Amino acid sequence: MAFAFRVRDAIAARFGVKATNGFLGERRLHVCEGDKLDFFLVERSALDMLVLTARDRSLDIMICLATSGHRLTITSSVVIHNAFGRPYMVLVAPIHRLILAADLRRLRTSLWREASGSSP
């Protein structure tokens, strides 16, 4: 993933889009509104909801993670602002789907192990 972010940042910089600098992998137990989680701004932080945004001149991205009982709901939204944003999303959307699917599989495995008392 680090390599993919470096490539993304190098290409995006040519179009005046700010660098993401990738994910630091830093675990945070608590965040407050206004905090940064990697390149995302925490817009809302509550026990049952986390709303993250990233904005630049080509895109606004919003991700909402909400829980209700044992249900996790993930909602994402992208607003495109210019001619660079549309082809960028056409290229990265399929990759994002793969990454999200892999992340959800890891989460499911982790939760299953935790529930069954197995160590990760």
Pairing a residue in segment 35-47 that is under 25 Å from ALA2 (Cα atoms) with any residue that is among the small types (Gly, Ala, Ser) and in a strand (DSSP E or B), where Cβ atoms lie under 6 Å and the two sit 6 or more apart in sequence or on different chains, gives PHE39/ALA54; PHE40/ALA54
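In segment 68-82, what residues are among the small types (Gly, Ala, Ser) and surrounded by fewer than 12 Cβ atoms within 10 Å (Cβ to Cβ)?
Narrowing segment 68-82 to residues among the small types (Gly, Ala, Ser): 68-69, 76-77.
Matches in segment 68-82: SER68, GLY69, SER77.
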When you go through (1) assigned to a helix (DSSP H, G or I); (2) of a type in the set (A, V, I, L, M); (3) under 21 Å from VAL51 (Cβ atoms) one by one for ALA102, which number turns out not to apply?
(3)
Scan segment 83-98 for residues that are surrounded by fewer than 14 Cβ atoms within 10 Å (Cβ to Cβ) and in contact (Cβ under 8 Å) with a residue 24 or more places away in the chain and report the count.
1
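Values in this text are rule-based calculations from the coordinates and carry no lab data. Quick caveat, the model's predicted, so the values are computed rather than measured. Neighbour counts are summed over all protein chains in view; Cβ atoms, including those assigned to glycine, are modelled from backbone coordinates with ideal geometry.
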